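S.K.: Submitted below is the structure of interest, expressed as structure tokens.
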Amino acid sequence: METVHRCAAAGSVDCVAKLRYNGGGINVKTCICDKCGKEIEIDVQEEVIDRDKDGKEISEQFFVCPECGQRYTVFICDQFMRQKIAARKRLERMPMNYDPKLDTALVKEMQKHFKRLKKRYDRS
Ligand SMILES: [Zn+2]
């Protein structure tokens, strides 16, 4: 089975989570490049792009369109993001106390922070 979705979804934290957790599996994720319109395979790479004031790594997950070279930033992970991811994992581990509102709030915070990071590092 093949999943085709537009690159615009790459900005969504949930999409990233799926990419990551299915990573290494049999599913090859593809999407349509916004720039050249070609269907491309998503091959997410990770690169440390900066360090915060405490010296902690800030890494970017991205993929590059093999046709036109357009770089798509999937996710930028810093301490803030790591904390939120950990908080979501804690929620997942407690299905009895699982609060979808709290989870949604966490995702929203991450999306907001992702926008700030993209701006700071001049990513589209
Ligand atoms: Zn392209």
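Where a number appears in this text, it was derived from the coordinates with a stated rule and is not lab data. What you see is a predicted model; the values in this text were computed from it and never measured. FYI the Cβ positions are ideal-geometry reconstructions off the backbone, even for glycines, and counts take in every protein chain you see.
S.K.: Enumerate the amide H contacts of Lys29 below 5 Å, restricted to partners 5 or more residues apart or on another chain; note that Pro and chain-start residues carry no placed amide H.
M.R.: Amide H neighbours of Lys29: Ile42.
S.K.: Can you work out the Karplus-derived ³J(HN,Hα) for every residue in the stretch 93-98? Use 6.51 cos²θ - 1.76 cosθ + 1.60 with θ = phi - 60°, whole Hz, and x for glycine or proline.
M.R.: Computed from phi, the couplings for the stretch 93-98 are 6, 10, x, 6, 9, 4 Hz.
S.K.: What are the ³J(HN,Hα) values, in whole Hz, obtained from phi via the Karplus relation 6.51 cos²θ - 1.76 cosθ + 1.60 with θ = phi - 60°, for each residue of the stretch 63-70 in sequence order, with x given for Gly and Pro?
M.R.: 9, 10, 5, x, 7, 10, x, 4
S.K.: What do you get for chymotrypsin sites (Phe, Trp or Tyr not before Pro) in the stretch 51-124 restricted to DSSP loop and a cutoff of at most 15 other Cβ within 10 Å of the site's Cβ? Provide the component values of the computation, followed by the final result.
M.R.: Working: sites: Phe62, Phe63, Tyr72, Phe75, Phe80, Tyr98, Phe114, Tyr121; in loops: Tyr98, Tyr121.
Listed in order of number, the matching sites are Tyr98, Tyr121.
S.K.: With each label point set 7 Å from Cα along the Cα-Cβ vector, what nm distance links Lys119 and Lys53?
M.R.: In this crude spin-label approximation the distance works out to 1.9 nm.
S.K.: Using r as the Cβ-Cβ distance of Arg71 and Lys108, and R0 as 22 Å, what FRET efficiency do you calculate, to the nearest 0.05?
M.R.: On the way: r = 25 Å, r/R0 = 1.16.
Approximately 0.30, to the nearest 0.05.
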